[in-house]
Amino acid sequence: MTLPLLQHIPPGTALIHIGAHHGQEAPAYAAHNAPVLWIEACPLFIPRLQQQLVNHPQQQCRLGAVAARAGQRRVFHLSNNMKGVSSSFFH
């Protein structure tokens, strides 16, 4: 997989990828020599994401979410499409 966005980012630039899902872009980031912090809100996806990153030592993942306001409790809605690609705070 190639990521057109990476052509505008200098190689080796550290990135934060929010909404990691299964880390499908990991090989493209690795080819660009980019250290990456992956953030994923769904704990069910973390094992598969960790497995995807095993061969990419510059990349690591964390369970978490990003919201507009710190400290505010929110409900995370997990989509029912079995892939979770539409999961969100928004409903």
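The values are calculated or read from the model by the stated rules, or taken from the named source; none is laboratory data. Just so we're clear, the structure is a prediction, and the values are computed from it rather than from any experiment. Neighbour counts run over all protein chains shown; Cβ positions are idealised from the backbone, glycine included. Protein only, heavy atoms only, side chains kept; ligands, DNA and RNA dropped before computing areas. Shrake-Rupley method; radii C 1.70, N 1.55, O 1.52, S 1.80 Å.
Worth a mention:
- Test: residue in the stretch 27-40 that is surrounded by 12 or more Cβ atoms within 10 Å (Cβ to Cβ), within 15 Å of the chain's Cα centre (by Cα) and at pLDDT below 85: no
- Total residues in the stretch 1-24, condition among the hydrophobic types (A, V, I, L, M, F, W, C) and out of contact with any strand residue (DSSP E or B) (no Cβ under 6 Å at 6 or more places or on another chain): 6
- Exclusive hit being modelled with pLDDT of 95 or more and open to solvent by less than 30 Å² (accessible area, probe 1.4 Å), set Gln50, Gln59: Gln59
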